[in-house]
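Q: Before I ask anything, let me first share the structure, which is written out below as structure tokens.
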Amino acid sequence: MFVFHRAKSVLSVSASTTSLSFMFVGMMTTGAAAQSEIPVTGDTIYFPIPHIVTFLFLMLGPTKIIGPFVKVTEGADRALEKKIARNAILFSGSALLIAGLLGEMILAKHSVPLPVLALSAGVILFLVAIQDTVRQFSFSTHGSTVEVKAEPSMKLALDPLAFPVIVTPYGIAALIVFLSFSPDVESQLQIGLIVVAILLLNFLAMLFARKVLAALGIVLAILGSVLSVVQVALGLQIIRQSLLAMGAL
């Protein structure tokens, strides 16, 4: 019996490590693609699929949810952890769907130029990312500022996990930008599938959060620092391409 439980534990750690490895590979692959220029034609910005994957992975992806999930579910049993993780993903998916639909409707109603919207998203991403980057050099505790609740409950799935850990303001802004610049329904469906895939990664990350954090805590801390710098660069890239589309550069 002891051997069985030991083997089961090893398999769980292996599954966690494998999942994180896939995240590393995906991030590096899409990150390399993001180094190329984002095409600009007139007042239209074309975001290739690899760029969209990179942006959404960094803004909505699992790398920033592992620490907060472990903190807020401290003391919860395994069944409650699974329910919290599941509901957090359901809340996040619903919020992103509503935000995407409402965003396009509001933009159409108020005739907001798309380059201006892209510029706004770039500024928001840059400001948030620069704060995270500067925080890396402080002597305060690294990681999320999410408060630890004394008694974990299902309420944690909505606040703080779905909002603001998974669904961030700049993540919503980026999603609206990508949907607005999509040339057809097929492209919008592709973006939707990308979001669904990222949410599934988030769910897996929460299921194996404690195993991953115990095995790769230092790696996650280093990865967080790297991603902060990458997000700063991506924010500046969006700002630059938006100014080009508006003819300001």
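The values are calculated or read from the model by the stated rules, or taken from the named source; none is laboratory data. Note that the coordinates shown come from a computational prediction; the quantities given were computed from them, not determined experimentally. Cβ coordinates were reconstructed from backbone atoms using ideal geometry, including for glycine residues, and neighbour counts include every protein chain displayed. Protein only, heavy atoms only, side chains kept; ligands, DNA and RNA dropped before computing areas. Shrake-Rupley method; radii C 1.70, N 1.55, O 1.52, S 1.80 Å.
Q: For region 93-121, name all the residues that are among the hydroxyl-bearing types (Ser, Thr, Tyr) and at pLDDT 85 or above.
A: SER94, SER120
Q: Do you know which residues across region 184-195 are surrounded by 13 or more Cβ atoms within 10 Å (Cβ to Cβ), out of contact with any helix residue (DSSP H, G or I) (no Cβ under 7 Å at 6 or more places or on another chain) and among the β-branched types (Val, Ile, Thr)?
A: Passing the criteria: none in range.
Q: Of the residues ALA214, ALA233, ALA221, which is closer than 20 Å to ILE84 by Cβ and among the aliphatic types (A, V, I, L, M)?
A: Going through ALA214, ALA233, ALA221 in turn, the sole match is ALA214.
Q: Scanning region 211-249 for residues that are hydroxyl-bearing (Ser, Thr, Tyr) and surrounded by 17 or more Cβ atoms within 10 Å (Cβ to Cβ), which turns out nearest to the chain's Cα centre (by Cα)?
A: Among those residues, the one meeting the criterion is SER228.
Q: Further question: Just a yes or no: is a residue in region 143-156 at pLDDT 85 or above, open to solvent by less than 60 Å² (accessible area, probe 1.4 Å), part of a helix (DSSP H, G or I) and more than 19 Å from VAL196 (Cβ to Cβ)?
A: yes
Q: Considering only residues of region 66-119 that are charged (D, E, K, R) and touching a residue at least 40 places away in the same chain (Cβ under 8 Å), which is farthest from LEU200 (Cα to Cα)?
A: Per the stated criteria, the residue is GLU104.
Q: What about VAL212, is it touching a Ser or Thr at 6+ places or on another chain (Cβ under 7 Å), farther than 17 Å from ILE166 by Cβ and assigned to a helix (DSSP H, G or I)?
A: So VAL212 does not fit the description; no.
Q: Scanning region 69-87 for residues that are of a type in the set (A, V, I, L, M) and surrounded by fewer than 17 Cβ atoms within 10 Å (Cβ to Cβ), which turns out farthest from PRO160 (Cα to Cα)?
A: For region 69-87, the residue satisfying everything is ALA79.
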